Amino acid sequence: MKKFVSLLTVLLVLASLLAVSPALAEKPAKLTIAYQYGLSYLPLVVMKDQGLIEKYYPDVEVEWLILNSGAAINEGIITGSIDVGAMGIAPAITGVSRGIPYKIFANLSSQPQAIVTNKEHIKSMADITADTKISVVNIGSIQHIFVAMAAKNELGDARAMDNNIVAMSHPDGMAALLAGSVDCQMATSPYIFIEREAGLFEIDSVDKVWPQGNSFIVGVASQALKDGNPELYDALVQAMADANDYLANQKEAAAEALCEGLEVDAGTLLMWLSDPGCGYFSETKGVMQMAAFMAEEGFIDEAIGSFADVAFENVIGD
């Protein structure tokens, strides 16, 4: 009888604790975040290294995954194995248009972009011939859309370069460009900096259609996270704001802290972070412009109705 009373007492105490703190049962034990390689994703590296999400939401274990494409991140969010991802705004727009249950929760970065070539005579899109190979990360990637936007602007046909495109990761594309097995790469940082140092040539076509400072990489969060645990979602948003502020305003400290992980010296990383095209901020810029282009040119089946369709209400931008 005494054992029964003791057990009953323990159960009643547990029940009362849960009744007082119902959120305890709702907080997920784990948050899975996926991102990709490059300077564009540094806010997430800062969040990881400084434990910024845990700072605002201590009762969570954060798992960090590095994947090779926005498509892989989309698949993970569809299956529920990933809660938060980072990708170019073009794949994010494509995902929303296809009904993937996420929206943008913040911008990560803008970055320098250019079509880099090993052929000095290629000075514009008009100089690209049928046998010219242009590497982009993936079909439907933001790099692919940049090429299409430049082709539309200079040649009047967004699909003019479709047969020139070959899909390669950033590192493979750079290696192929330096070796001469492709003629051009739609390059971003840090690869564009390395290619400049190697004396390669740039076509300024992308700057004409996607000005410096426009969004490049955005963070997306699942609707399930936003609805199921708004407190954790808010911690994610605040952590991103802190990471962007750190990268924007403490460049020397960031270069010292992050250089080893990027396998460069601190001076080189500081030079990269100080490039005028390299920016970190949470406000999105140009999302609806890109969404409109993608709809007009058939990269998505239907136009995005409004900014609220692609971004959560906390996001400032267009």
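Rounded if a/c is under 1.5, else prolate if a/b beats b/c, else oblate: with a ≥ b ≥ c from the C-alpha gyration tensor eigenvalues square-rooted, which is the stretch 136-288?
oblate
Taking the chain as a Gaussian network, Cα atoms linked when under 10 Å apart, which of TYR35, TYR102, TYR57 shows the biggest mean-square fluctuation?
TYR57
So how far, in whole Å, is the C-alpha centre of the stretch 195-239 from the one of the stretch 81-156?
Spelled out, the Cα-based centre of one part sits 12 Å from the other.
Taking +1 at the Cβ of each Lys and Arg and -1 at the Cβ of each Asp and Glu, which of VAL182, ASN229, MET125 sits farthest along the dipole of the stretch 88-234 towards its positive end, judged by Cα position relative to the Cα centre?
After comparing all options, I get ASN229.
Sort the following peptides by mean Cβ neighbour count (other Cβ atoms within 10 Å, averaged over residues), highest first: 221-230, 117-126.
221-230, 117-126
What's the extension gain from ASP227 to GLU256 if we count 0.36 nm per residue and subtract their Cα-Cα distance?
6.7 nm
Assuming a ≥ b ≥ c are the square roots of the Cα gyration tensor eigenvalues, decide whether the stretch 61-150 counts as rounded (a/c under 1.5), prolate (otherwise, with a/b larger than b/c) or oblate.
Note, shape of the stretch 61-150 comes out prolate.
Given 25 °C and 0.890 mPa s, compute D for the stretch 162-204 with the Stokes-Einstein relation, Rh being the Kirkwood radius over Cα pairs; round to the nearest whole µm²/s.
Rounded to a whole number, D works out at 231 µm²/s.
Using only Cα atoms, tell me the angle between helix 142-155 and the longest principal axis of the chain; keep it within 0 to 90° and round to the nearest 10.
Tilt relative to the chain: about 30 degrees.
Applying 1/(1 + (r/R0)^6) with R0 = 25 Å to the Cβ-Cβ distance of THR79 and ALA241, what FRET efficiency is obtained, to the nearest 0.05?
Plugging the Cβ-Cβ distance into 1/(1 + (r/R0)^6) gives 0.30.
Around SER124, under 9 Å between beta carbons, what's the net of Lys plus Arg minus Asp minus Glu among the other residues?
In short, -2.
For ALA311, enumerate residues with amide H under 5 Å from its amide H, sequence gap 5+ or separate chain, H modeled in the peptide plane.
Those qualifying (amide H under 5 Å, at least 5 residues apart or on another chain) are ILE104.
Under 5 Å between amide hydrogens, which residues at least 5 positions from LEU31 or on another chain qualify, with H placed 1.01 Å from N in the peptide plane?
GLU61, VAL62, GLU63
HN-Hα J couplings of the stretch 240-248 from phi, Karplus 6.51/-1.76/1.60, θ = phi - 60°, integer Hz, Gly and Pro as x?
Per-residue couplings from phi come out as 5, 4, 5, 5, 5, 5, 4, 5, 6 Hz.
Which residues' amide hydrogens lie under 5 Å from the amide hydrogen of GLU202, considering only partners 5 or more residues apart or on another chain, with H built in the peptide plane?
Result for GLU202 returns THR117.
Would you work out the charge dipole size for the chain about its Cα centre, treating the Cβ of every Lys and Arg as +1 and the Cβ of every Asp and Glu as -1, and quote it to the nearest 20 debye?
The calculation lands at about 860 debye.
Separation between the THR132 and ASP265 pseudo-spin-labels, each 7 Å from Cα along Cα→Cβ, expressed in nm?
The answer from the label model is 3.7 nm.
With θ set to phi - 60° and the Karplus curve 6.51 cos²θ - 1.76 cosθ + 1.60, what are the ³J(HN,Hα) couplings of the stretch 126-137 in order, to the nearest whole Hz, using x for Gly and Pro?
5, 8, 7, 9, 4, 9, 7, 9, 10, 8, 10, 5
Please get the size of the charge dipole for the stretch 113-209, origin at its Cα centre, with Cβ charges of +1 on Lys and Arg and -1 on Asp and Glu, quoted in debye to the nearest 20.
It works out to roughly 140 debye.
Can you pull the percent of Cα pairs in the stretch 113-209 with separation above 18 Å?
That tail contains 34 percent of the Cα-Cα pairs.
When GLU252, GLU302 are ordered from fewest to most other Cβ atoms inside 10 Å of their Cβ, what list results?
GLU302, GLU252
Values quoted throughout were computed directly from the atomic coordinates according to the rules given, and no laboratory measurement underlies them. Fair warning: this is a prediction, and the values are worked out from it, not measured in the lab. Using ideal geometry, Cβ is built from the backbone for each residue, glycine included, and neighbour counts are taken over all protein chains shown.
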